[in-house]
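For reference, the structure is listed below as structure tokens.
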Amino acid sequence: MIGYEMGRDTVQQKQAKKNKSKGKPYHHNGMQDSVNMISGEEQDAGKEYEELVNDPEEAPPLLEDGRYLTNPPVLAAPIKGKVMILYITALDHSLGALLAQENGQGKENACYYLSRTLVSAENNYSPIEKMCLALIFAVQKLRHYFLEHSIRLISKADPLKYLMSKPTLSGRLAKWTLLLSEFEITYVPQKAVKGQALADFLAAHPIPDNSPLSENLPDEEVFHTEICKPWEMFFDGASQRSGAGAGVIFLTPENGMLPYSFVLVEPCTNNIAEYGALIIGLELALQMGVESLIVHGYSQLVVNQLTGVYEVRKPELIEYFERAKNLIGNFQNFQLYHIPRGKNTRADALANLAATLAQTNRINLPIKIEERRIIPNIQEILKTTPTETSNIISVLEIETIDWRQPIIEFLQYGRLPQDSKDKKDIRRRAPRFVLLNGVLYRRSLDGVLLRCLSNIESREALNEAHSGTCGSHQSDFIHQPPEPLHPTVASWPFEAWGLDIIGPINPSSSLNHQYILAATDYFSKWAEAIPLKAVKAVDVVNFIRVNIIYRFGIPQRIITDSGTPFKNQQMQRFCEKYKIKHYFSSAFYAPANGLAEAFNKTLCKLLKKIVSKNKRDWHEKLFEALWAYRTTVRTPTQNTPYSLVFGGEAILPLDVQLPSLRIAIQESFTNDENAKLRLQELEALDEKRLEAQQKLEAYQARASNAFNKKVKIRSFKKGDLVLTVKRPIVISRLSRGKFDQKWEGPYIVQKVFTNGAYQLVTQDGDRTLPPINGRFIKRYYA
């Protein structure tokens, strides 16, 4: 429309000029002149046109008008990768926006027009807020353009700076800031009119509210197509005399590599190991949410059986074949290929490594692969000759960049780093900061401005908080456990025993006994105990030999605390002689040997009920209490310790005084029938123990779930500075005096044990503390 008006005026001016030169009157009615030119005297019109075209002064403007009329301004498709230009304007009651892009000739082509009227509430916005609303309107409508291109914003005011400089953002301003942080928008001050005229025109002539607006773009579904590279997996299995292993390597679409190595605990052949490696890899891929997978394997048998080329004839492979088929069906796209051994060296190396390092105790072995240069190339580093640097010592200071500076430069000047990753990070983080009087603040969730400190300022603030005026403020004991529960698992009776000492007991027995040495089996809960006048290393060794080894065999492991009767050279030589593994619980932490502590509590309760009034005969009643404990059903196993050890229930005095059904049946049987009945009980003993083990595992799982709900993970690594609770620890009161400090230190973590225990050493390295549980440690900030 604009082009037609300009062309008609130009033609009218040229015709008026020509008529004036010939002395003819010129009519200002353009339509009538056009009709007269077409239907008038053809000869005169032809001559006038010929003269007009042949006139050298009139020809260039006419050709220019013709080119303009034959090339009307239309919307152009955007060029991928080039910066787009956004013009916005806001009037009193309407908004307008124009999205354009420069072509190869340096001219701007319009890509999209937008305009709308303001609703009742929006009319009350300030002018700068209306400008922000125009930007948000363009972002919401043209989101697909903003995601693919960098945007240069051209307007009369900078809405981005207005949003970034607000001390507090709430309501719509906070929503707008969050919406704009996703895109790369840079404000450019307006220097020329160009597309701004069209944006002003659109705002002055908005689309009525009742006009339908089509937002559909032609071929919008194929505007951007991306082909995702699938995951790749290489697998291999190995079977050796030492054991079997599986190796799996994943190649991610981003060319990353994820290696895995597993020890196969069941005995298997090489083909079963290959199937096991494939099944483990498929399970890992499904756990990671992989939908498309390309698998490469060296085993021709496994690949051809799964692709249908070979049949599965060996019975031991059918179960693995069906398992692999079920896992393959869970993928949307799956491809399986056979490759030679030379292209599967990494997975083969991982499988052989796991098979070679396979151990009977099944302990996970972390293996690190690091790069290290044996002989450093000093000449290349120094870039000088030895004679020039023999007497020169160079000290290089690493220049640290203040982390606040990039954010300040963006908020104050709109400058961004050159790196694309840093640029996106600054744009994403900037809306949460505000710059006031040259000082950077961060908005908290409740709107409070928090001052941002440099590295040096933060260290000064920490030093003041921990060792300055506030240094005397100490926190209370941390009741939340730092580690999940690690239950002790025993798979068979008399495999593991827990030993502990009860005492000193007041009053002592009539024979001057003051202690009770007790041992409890972790599987059957069978308990042994003897009274002692004093607990010495020889007494502990004799107790283990007579009451445990001579009765139930050599145990695999013994768990005790770190007391002197248990931690000595005589005990160490005894365990080495019988190949017994001796484990120590951390100091002042009874739950580490929880079974022994629980039995101590139960035994004391039983003794309280059966001792006489003078209470000095408890050494005689000790074995009665043990008898009551052994014949009582324990909650974890749902069986009595007596039945799990001997295969049948004990005959109690009450069964003899008032004959029970069991006594009556035994008296009616002959000796041979009673012997057969006893053999049946012994044959069913293994099954009974397996059921007890399942119940024990279920009980431990329930206890772990209840305990782990209170856990707040708190771990430390070697070299950390920590504080410990001042010992001896008394749970009822954590310190001996009213004004005594609760924590002491700092200490350095020297060694990290499993299950949350640590070895600490003083800062000067003179004294090493005994192992302590992480429950009594907290981090020290220096």
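The values are calculated or read from the model by the stated rules, or taken from the named source; none is laboratory data. Just so you know, these numbers come straight off a predicted model, no measurement behind them. Cβ coordinates were reconstructed from backbone atoms using ideal geometry, including for glycine residues, and neighbour counts include every protein chain displayed.
Can you tell me which residue among ARG428, ARG362, ARG459 is more than 21 Å from LEU180 (Cα to Cα), outside the structural domain of GLU266 (by the TED database) and at pLDDT 80 or above?
ARG459
If the condition is being under 23 Å from LEU499 (Cβ atoms) and in contact with a helix residue (DSSP H, G or I) (Cβ under 6 Å, 6 or more places away or on another chain), then the stretch 604-619 contributes LEU606, LEU607, TRP618. Among the residues making up the stretch 620-661, a single one is out of contact with any helix residue (DSSP H, G or I) (no Cβ under 8 Å at 6 or more places or on another chain) and acidic (Asp, Glu): GLU620. There is at least one residue in the stretch 489-501 that is among the aliphatic types (A, V, I, L, M) and at pLDDT below 85. Among the residues making up the stretch 738-767, those that are out of contact with any Lys or Arg (no Cβ under 8 Å at 6 or more places or on another chain) and farther than 18 Å from LYS726 by Cβ are PHE753, THR754, ASN755, ALA757, ASP764, GLY765, ASP766. Within the stretch 102-119, can you find the residues that are among the polar types (S, T, N, Q) and either assigned to a loop (DSSP other than H, G, I, E, B) or buried (at least 20 other Cβ atoms within 10 Å of the Cβ) (or both)? ASN103, GLN105, SER115, listed by residue number. Is it true that some residue in the stretch 629-648 is on the phi > 0 side of the Ramachandran plot and of a type in the set (S, T, N, Q)? Yes - at least one qualifying residue is present in the stretch 629-648. When the stretch 582-613 is examined, which residues are found to be charged (D, E, K, R) and either assigned to a loop (DSSP other than H, G, I, E, B) or under 37 Å from the mean Cα position of the chain (by Cα) (or both)? Residue satisfying the conditions is LYS613 alone. Residues in the stretch 294-311 that are surrounded by fewer than 20 Cβ atoms within 10 Å (Cβ to Cβ), of a type in the set (Val, Ile, Thr) and touching an Asp or Glu at 6+ places or on another chain (Cβ under 9 Å): 1 in all. Could you tell me which residue of the stretch 473-530 is surrounded by the fewest Cβ atoms within 10 Å (Cβ to Cβ), considering only residues that are in the same structural domain as LYS608 (by the TED database), in contact (Cβ under 8 Å) with a residue 24 or more places away in the chain and of a type in the set (Ser, Thr, Tyr)? This residue is SER510. Look at (1) closer than 16 Å to THR488 by Cβ; (2) assigned by the TED database to the domain that holds PRO641 and you find that ASN674 fails only one, number (1). When you check VAL222 against the structure, is it at pLDDT below 60 and either surrounded by 15 or more Cβ atoms within 10 Å (Cβ to Cβ) or more than 30 Å from ASP92 (Cβ to Cβ) (or both), yes or no? So VAL222 fits the description; yes.
Flag: ARG323 does not match the condition of being basic (Lys, Arg) and free of Cβ contacts under 8 Å to residues at least 12 places away in the same chain.
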